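As structure tokens, the structure follows; a few thoughts come after it.
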Amino acid sequence: MDAIDRVQEQWAREKPHLETTPMAIMGRLVRIAKHMEAEVEKLHKRYGLNLGEFDVLATLRRSGEPFRLTPSELFKTMLLTSGAMTNRLDKLAAKGLIKREHCKEDRRSVTVELTAEGLSLIEKLIEPHIALQAQLVQELKPEQRVLLNELLKGWLKQFE
């Protein structure tokens, strides 16, 4: 029995008519996500980054050369408010990991690009990041990973 089972057991005793399986699913997903996030945060911290900063660098890196996107393009992939995005970009620029450039044709248009230092950092971090993710799901057999991924993908469509 885990903590979620105990919660379900308590509700079954107090309100036996409640169907608590959805509560259990959500509770377990949230708890797993928190554990996984904490482990990933520890790794990123060793490289001087937080999760959000890593996300920006990784998004720029996977966009391909020249590793440059507009803030709007970044914004679309990260589900952030524009204020949160600006804050992340400010921090990364202050660390010298990205640079912002105004378009020569339209000074209102800005691009965000990895600096050489930012590219070097994400290149060093991406493989340990992926290895940690693999470690975090190692309890699942390969076929379970595939099935879980498909189930979550289908479920996510409900929200996105």
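The values are calculated or read from the model by the stated rules, or taken from the named source; none is laboratory data. All figures in this text were calculated on a predicted structure; none of them were measured in a lab. Virtual Cβ from ideal backbone geometry, glycine too; neighbours counted across all protein chains shown. Side chains included, ligands, DNA and RNA excluded: accessible areas come from the protein's heavy atoms. Shrake-Rupley method; radii C 1.70, N 1.55, O 1.52, S 1.80 Å.
Among the residues of segment 28-82, those that are out of contact with any strand residue (DSSP E or B) (no Cβ under 7 Å at 6 or more places or on another chain), basic (K, R) and within 18 Å of E127 (Cβ to Cβ) comprise K42, K45, R46, R62.
Remark: pairs (first residue in segment 79-104, within 10 Å of G52 (Cα to Cα) and in contact (Cβ under 8 Å) with a residue 40 or more places away in the chain; second residue surrounded by 13 or more Cβ atoms within 10 Å (Cβ to Cβ) and of a type in the set (S, T, Y); Cβ separation under 9 Å; 6+ apart in sequence or on different chains) are absent. Summed over segment 120-137, residues that are closer than 26 Å to P66 by Cα and in contact (Cβ under 8 Å) with a residue 60 or more places away in the chain total 8.
Suppose the filter is over 17 Å from L51 (Cβ atoms) and surrounded by fewer than 16 Cβ atoms within 10 Å (Cβ to Cβ); does R68 pass it? When the stated conditions are applied, R68 does not pass them. In the condition set (1) under 19 Å from L69 (Cα atoms); (2) modelled with pLDDT of 95 or more, R108 is compliant with all but (2). Scanning segment 111-119 turns up one or more residues that are over 25 Å from A33 (Cα atoms), open to solvent by less than 40 Å² (accessible area, probe 1.4 Å), in contact with a Leu (Cβ under 8 Å, 6 or more places away or on another chain) and small (G, A, S). Summed over segment 6-36, residues that are loosely packed, with under 12 Cβ neighbours inside 10 Å and closer than 21 Å to N50 by Cβ total 4. If you go through segment 88-100 and pick out every residue that is assigned to a helix (DSSP H, G or I) and open to solvent by less than 80 Å² (accessible area, probe 1.4 Å), you end up with 5.
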